[in-house]
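What follows is a short report on a single structure.
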Amino acid sequence: MDSNETITICSGTRDSYRLISSTSKWFDDGQYVVIKDDGRCLSIKKCWMEIPKNAKKIMRLVNSVYFHYVGELPLGSFDFDKQESTHDEVRIYYTEA
């Protein structure tokens with residue numbers, strides 16, 4: 001994994017809306033992702049063959065990507081968990097165990 005393996009979570013237009021952005025190259029070969037939140041960890045998984053209804057389209061800017069999420073996530077920058085992340089899925093812990 002690259003040294004810049006982080007996401008940034010910003011507030012959206014409503015209280016529970018979040019904008020997730022990243023400059024990580026992990027997103028380079030994907031078009032859609034599925035996001036799961038278990039209350040302390042965010043899992044982002046690339047969709048390859050079939051695009052589920054709950055998939056988020058990755059929007060691209062010059063050197064970054066972003067997508068929207070509806071949920072109560074803390075604001076800030078968070079590192080990918082390098083031990084639990086793979087080519088297909090990244091895990092980001094945003095609270096202490």
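Derivation of every value follows stated rules applied to the coordinates shown; laboratory data play no part. Just so you know, these numbers come straight off a predicted model, no measurement behind them. Reconstructed Cβ throughout: ideal geometry from the backbone, glycine too, with neighbour counts over all protein chains shown.
Numbers below:
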{"quantity": "Sparse-neighbour loop sites [GluC sites (Glu not before Pro); the stretch 1-93; at most 11 other C-beta within 10 Å; DSSP]", "calculated": "50, 72"}
{"quantity": "Stretchable slack from residue 70 to residue 37, in nm (0.36 nm times residue separation minus alpha-carbon distance)", "calculated": "10.8 nm"}
{"quantity": "For the stretch 15-36 versus the stretch 61-97, the gap between their alpha-carbon centres in whole angstrom", "calculated": "7 Å"}
{"quantity": "Burial ordering of 48, 26, fewest other beta-carbon atoms within 10 Å first", "calculated": "48, 26"}
{"quantity": "Trypsin sites (Lys or Arg not before Pro) restricted to DSSP loop in the stretch 1-49 with at most 11 other C-beta within 10 Å", "calculated": "14, 40"}
{"quantity": "Difference of contour (0.36 nm per residue) and Cα-Cα distance, residue 84 to residue 60", "calculated": "6.1 nm"}
